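These notes are about the structure you will find just below.
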Amino acid sequence: MPRNISTGRVTDPGLHGSYKECLVYGINQHFKCKEEEYHKTILVGDSGVGKTSLLFHFETGKFEPRKFSATVGIGFTNKIVNVAGSDVRLQIWDTAGQERFRSITHAYYRDAHALLLLYEIGNRRTFENTRAWLCEIYEYADSSICILLIGNKCDSTVREVTTEEGEQLASEYGIEFVETSAKTGQNVEAAFNIISRILLEATKNGGSSMKRVETEHLQNVRPNCTCNVG
């Protein structure tokens with residue numbers, strides 16, 4: 001069972017356009033937790049795919065419909081996940097999916113250890129945009145970052161992206177994949193357990209604490225990628 005340590009939010013609607021405030025706040029929190037060896041883990045994906053709801057369910061075990069408006073800037077929570085008797089400390093950042101906050105998101109790619117890339121299984125455009133997100137990740141994140149592809153809202157009665165398509169995309173990029181539902185809780189905890197397990201295994205092996213992205217493939221697709229999401 002994950003343990004909650006602390007939570008912070010920079011989601012006040014009054015902060016619209018206050019990029020610098022959000023960025024400075026987040027950087028300060030990052031350095032506070034760095035001394036405690038937290039693994040910086042970021043949630044990214046198009047606006048509306050359920051990033052905040054997924055994190056909220058992981059944090060509280062609850063789903064509250066219509067509670068959240070679009071995230072403004074950055075929110076975070078610190079959690080400890082136990083994997084095979086070992087504690088893995090995660091510093092989880094919830095980022096805004098809107099284009100106007102992209103510069104903030106780019107800043108949080110740097111020195112990130114793990115990344116959860118979400119799309120909505122009932123919205124094909126969000127799935128198609130994952131390639132552009134992967135292009136941005138290659139551009140701004142370290143090449144050793146661990147990436148988990150998540151097809152969220154799998155409880156939906158409307159499905160535009162099959163499970164097989166998600167698995168195929170993940171296999172193509174050499175990353176792991178899971179479908180989740182922030183509403184029912186299906187695989188929410190499992191998603192963070194997957195990230196924690198990879199981090200723990202890599203750390204024990206004495207190498208990078210993250211699973212390596214297939215950068216050769218990303219280099220191959222990059223020339224045709226404009227890195228524009230939306």
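3J(HN,Hα) along the stretch 108-120, derived from phi through the Karplus expression 6.51 cos²θ - 1.76 cosθ + 1.60 where θ = phi - 60°, amounts to 7, 5, 4, 6, 6, 9, 8, 9, 9, 9, 9, 9, 9 Hz, with x in place of Gly and Pro.
Fewest-first ordering of 51, 62 by other beta carbons within 10 Å of each residue's beta carbon gives 62, 51.
Arranged from fewest to most other beta-carbon atoms within 10 Å of their beta carbon, 120, 179, 160 become 160, 179, 120. Evaluated with a Cβ-only charge set (Lys, Arg +1; Asp, Glu -1), the stretch 102-203 carries a dipole of roughly 320 debye about its Cα centre, given to the nearest 20.
Close amide-amide hydrogen proximity is noted between residue 146 and 114, 115, 211, each under 5 Å apart and 5 or more residues distant or on a separate chain (H modeled in the peptide plane; Pro and chain starts excluded). Each of 106, 39 was scored by other Cβ atoms within 10 Å of its Cβ. Arranged with the fewest first, they read 106, 39.
Taken one residue at a time, the phi angles of the stretch 143-154 give Karplus couplings (6.51, -1.76, 1.60, θ = phi - 60°) of 5, 9, 5, 8, 10, 10, 8, 10, x, 8, 6, 6 Hz. Gly and Pro are set to x. Placing pseudo-labels 7 Å out from each Cα toward the beta carbon at residue 131 and residue 156 gives an inter-label distance of 2.0 nm.
One Cα centroid belongs to the stretch 76-95, the other to the stretch 102-172; the line between them spans 20 Å. Ranking 177, 115, 129 by how far each Cα lies toward the positive end of the dipole of the stretch 111-177 (charges on Cβ) leaves 129 at the top.
Residue-wise HN-Hα couplings along the stretch 155-167, as the Karplus relation 6.51 cos²θ - 1.76 cosθ + 1.60 with θ = phi - 60° gives them from phi, are 7, 5, 7, 9, 10, 10, 10, 6, 4, 4, 5, x, 4 Hz; Gly and Pro carry x.
Values quoted throughout were computed directly from the atomic coordinates according to the rules given, and no laboratory measurement underlies them. Keep in mind it's a predicted model, so treat the numbers as computed, not measured. Please note: Cβ atoms are built from the backbone with ideal geometry, for glycine as well, and neighbour counts cover all protein chains shown.
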